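The values are calculated or read from the model by the stated rules, or taken from the named source; none is laboratory data. All figures in this text were calculated on a predicted structure; none of them were measured in a lab. Here the Cβ is made from the backbone with ideal geometry for all residues, glycine too, and neighbour counts use every protein chain on show.
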Amino acid sequence: MDAVQGGQLEALGELFERHHRQVFLFLRRTTGDAAIAEDLVQEVFVRILKYRHTYDAGSRFETWLFRIARNARADHFRKQGPSPAPVDAALEVAAPDPGPEKQLERRIDAQQLDRALQQLAEEPRDLLVLARYHGQPYERIAETLGIEVGAVKTRVHRAMKQLRAAFFNLEDAPCAVKK
Amino acid sequence: MRCEEVRQRFAEYLAGSLDAGVARELEQHVASCAECQAEYAGVEAVWKALGEVPVPAVPSNRMRERFSAMLAAERAAADRRPASRQDRGRTWRPTFWPREPLVQMALAASLLIVGVIAGRALPSRQVQQQAPVPSREIAEVRTELRDMRQMLTLSLMQQQSATERLRGVSWTAQIDQPGNEVVSALLDTLLHDSNVNVRLAAIDALRRFSDRADVRLGTKRAVADKTSPLLQVAVIDFMVDTRDPQAPALFRTLAQDASLDELVRGRAQWGLDQLAS
């Protein structure tokens with residue numbers, strides 16, 4: 001990134017090669033739409049180039065990268081109008097929860113779970129994707145999201161419960177859960 | 001450890017990021033607390049299932065091409081030096097078969113109809129020897145086929161999925177002498193589609209109609225759309241390639257418009273250089 005800041009634009013190619021995959025996967029998993037994710041990856045690298053002078057060399061590049069990705073996504077949906085209503089936190093209580101023991105007896109359909117993930121609000125969805133798929137430690141997630149580490153702990157747990165509730169709420173769909 | 005504290009650490013435990021001591025403490029608590037045990041079972045099931053969600057395919061080649069185009073434009077802007085068009089390649093290769101079930105059905109039905117018409121129009125080899133197929137009937141089949149392809153293409157361009165719309169735009173290249181509705185649909189896509197990939201594909205597809213006045217007018221409107229610098233750059237290239245007579249005046253305005261993205265201003269200046277040479 002130092003080289004890019006110094007005006008060596010070809011060094012951006014190296015950053016692209018190193019990071020485009022994880023940026024795409026983050027955006028694909030948090031938007032549920034590959035075409036939007038693809039556009040946004042382009043937007044992220046345009047912004048890196050455009051705002052390269054604002055990068056603080058002392059901070060972690062990945063954190064800055066994910067922040068840009070989140071902002072680009074937020075701007076996209078602001079332009080396109082609101083995304084589908086997220087699952088209300090109250091659903092956690094209201095959703096029919098068959099109880100953990102019964103859940104263990106069931107096989108959770110992975111794709112249905114992915115659909116349930118799309119129903120969560122932006123922050124819990126990002127928290128789960130960063131923690132589960134990007135293996136980010138809570139300290140780094142806290143930096144990316146601009147919240148305290150303690151808040152990440154509480155909110156990841158809450159997000160897991162919301163996801164479980166959203167999943168069982170989708171249960172009516174055919175083949176959602178196979179006994 | 002209290003129950004609440006233990007539960008908040010389940011995800012970290014499952015990710016394997018807890019210190020060994022804390023992890024042991026958590027295990028001991030869960031083993032002795034029925035409620036936390038039940039809660040852990042639920043969280044673990046979801047955590048594992050998330051791991052089973054297939055990893056989405058990453059369109060690296062396509063993204064790399066677009067990235068290279070962007071970088072080339074940026075270099076051109078920085079150096080005031082023309083960038084090669086080869087660097088700007090922005091191709092996407094749709095597979096033949098659509099993904100939307102409705103479109104699949106429409107395509108299948110169309111193929112069936114074409115088959116039936118062709119079967120009626122083209123007599124068997126034995127009969128053919130006695131009486132040659134009237135060329136009028138073959139022409140009718142061809143017209144029918146073209147109309148169906150056109151109908152399908154227009155239908156694809158109306159789909160919700162950007163991938164299907166991309167496919168629809170690409171199919172326009174396969175239609176011989178497309179009707180006005182195809183050109184209008186491409187212009188509409190260029191100006192209003194919500195997805196920049198689809199809009200970029202539309203500008204490419206419109207190249208064969210560049211001598212039409214409505215296409216020139218549409219591209220002029222598209223280049224003024226500040227929401228996508230990438231599209232503006234692509235339209236500038238289009239106008240350079242097609243030697244649009246209005247391009248020089250337009251490029252001069254763009255190159256001096258401080259509200260525009262640097263990439264666009266640079267490309268407009270490059271366009272002026274190209275048209276002057």
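Would you point out which residue out of B:31, B:73 is more than 7 Å from chain A (Cβ to nearest Cβ) and in contact (Cβ under 8 Å) with a residue 60 or more places away in the chain? Outline the logic, then answer.
Details: B:31 fails: in contact (Cβ under 8 Å) with a residue 60 or more places away in the chain.
None of the others qualify; the one that does is B:73.
Residues that are part of a helix (DSSP H, G or I) and crowded, with 16+ Cβ neighbours inside 10 Å within the range B:1-21 comprise B:6, B:7, B:10, B:11, B:12, B:13, B:14, B:15, listed in sequence order.
In the range B:202-239, how many residues are of a type in the set (Val, Ile, Thr) and under 23 Å from residue B:171 (Cα atoms)?
Filtering the range B:202-239 for residues of a type in the set (Val, Ile, Thr) gives B:203, B:215, B:219, B:223, B:227, B:233, B:235-236.
Then keep just the ones that are under 23 Å from residue B:171 (Cα atoms); that gives B:203, B:215, B:219, B:235.
Residues in the range B:202-239 being of a type in the set (Val, Ile, Thr) and under 23 Å from residue B:171 (Cα atoms): 4 in total.
Going by the structure shown, is residue B:208 modelled with pLDDT of 90 or more and not hydroxyl-bearing (Ser, Thr, Tyr)?
Numbers: modelled with pLDDT of 90 or more: no; not hydroxyl-bearing (Ser, Thr, Tyr): yes.
Against the criterion (modelled with pLDDT of 90 or more and not hydroxyl-bearing (Ser, Thr, Tyr)), residue B:208 does not qualify.
For every residue, the table says whether it meets (1) in a helix (DSSP H, G or I); (2) at the interface with chain B (Cβ under 10 Å from one of its Cβ atoms); (3) under 13 Å from the mean Cα position of the chain (by Cα).
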residue: A:29; (1), (2), (3): yes, yes, yes
residue: A:36; (1), (2), (3): yes, yes, no
residue: A:42; (1), (2), (3): yes, yes, no
residue: A:45; (1), (2), (3): yes, yes, no
residue: A:48; (1), (2), (3): yes, no, no
residue: A:53; (1), (2), (3): yes, no, no
residue: A:59; (1), (2), (3): no, no, no
residue: A:66; (1), (2), (3): yes, no, yes
residue: A:70; (1), (2), (3): yes, no, yes
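For the range A:137-155, the set of residues classified as within 19 Å of residue B:7 (Cβ to Cβ) and in contact (Cβ under 8 Å) with a residue 24 or more places away in the chain consists of A:152, A:155, listed by residue number.
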